[in-house]
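Participant: Below is the structure I would like to discuss, written out as structure tokens.
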Amino acid sequence: MSTATTGLKIVIVGGFGVGKTTMVRSVSEIRPLSTEETMTRAGIGVDDASGVEAKTTTTVAFDFGRITLNEQMVLYLFGAPGQERFWFLWDRLFSGTLGAVVLVDVRRLADSWYAIDRLEHHGMPFIVARNNFGEPTHPLEQVRDALSLSDEVPLIDCDARRRDSSKAVLLALVNHLYTMSSARGVSR
């Protein structure tokens, strides 16, 4: 939108193959910029594909999408690459970010710890969204315990393939940011 005067930036992070590109694609109003490339033999032994063996493409820089909130504000979405070899990009992506979504896959929960650690290191507000690949096999409280998440960090379910579900994740983040902002205002 050419009349927008305010751009708000949100980053979606998480491990390899958790659905970050899928989430950006499902919710963006524009055709997303995607840096998906075909996975090659060069990644064998470098990228851990256990649990996502059927995956044939991977993000090599970042994904970008946009949502118009109103005539003055747009929301910019950045999906970060999940493999360890691309983590150096994350700190740059975090610059100017309002908040983040950590997308997790319970089949590869340990892949989420780096994302959570980096966000906490930067003092960036975030929520965690469990991307359900079928019926959930663990209650959310077990996921919270496994990730050592404080009760203040929202943890929700989603299906990144569905626009309505991805929108609900973004709304949960915005509500979390609003709650945090209101609490800071009261404490002053």
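Any read-out appearing in this document is the output of simple, stated calculations on the displayed coordinates, not a laboratory observation. Predicted model only: the values in this text are computed from it and were never measured. Cβ: placed from backbone, ideal geometry, glycine included. Neighbour counts: every protein chain shown.
Participant: So what is the relative contact order of segment 94-186, in percent, for Cα pairs below 8 Å that sit 6 or more residues apart?
Facilitator: Computed over segment 94-186, the figure is 30 percent.
Participant: Let me ask something else. Can you list the GluC sites (Glu not before Pro) in segment 70-174 that are in a DSSP coil and have 16 or fewer other beta carbons within 10 angstrom?
Facilitator: Of the GluC sites (Glu not before Pro), the ones in loops of segment 70-174 whose Cβ has at most 16 other Cβ atoms within 10 Å are Glu71, Glu152.
Participant: Would you pull out the residues with amide H under 5 Å of Lys9's amide H, same chain only if 5 or more places away, H placed 1.01 Å from N?
Facilitator: Tyr76, Leu98
Participant: Dipole of segment 136-188, Cα-centred, from +1 at each Lys and Arg C-beta and -1 at each Asp and Glu C-beta, to the nearest 20 debye?
Facilitator: In debye, rounded to 20, segment 136-188 gives about 340.
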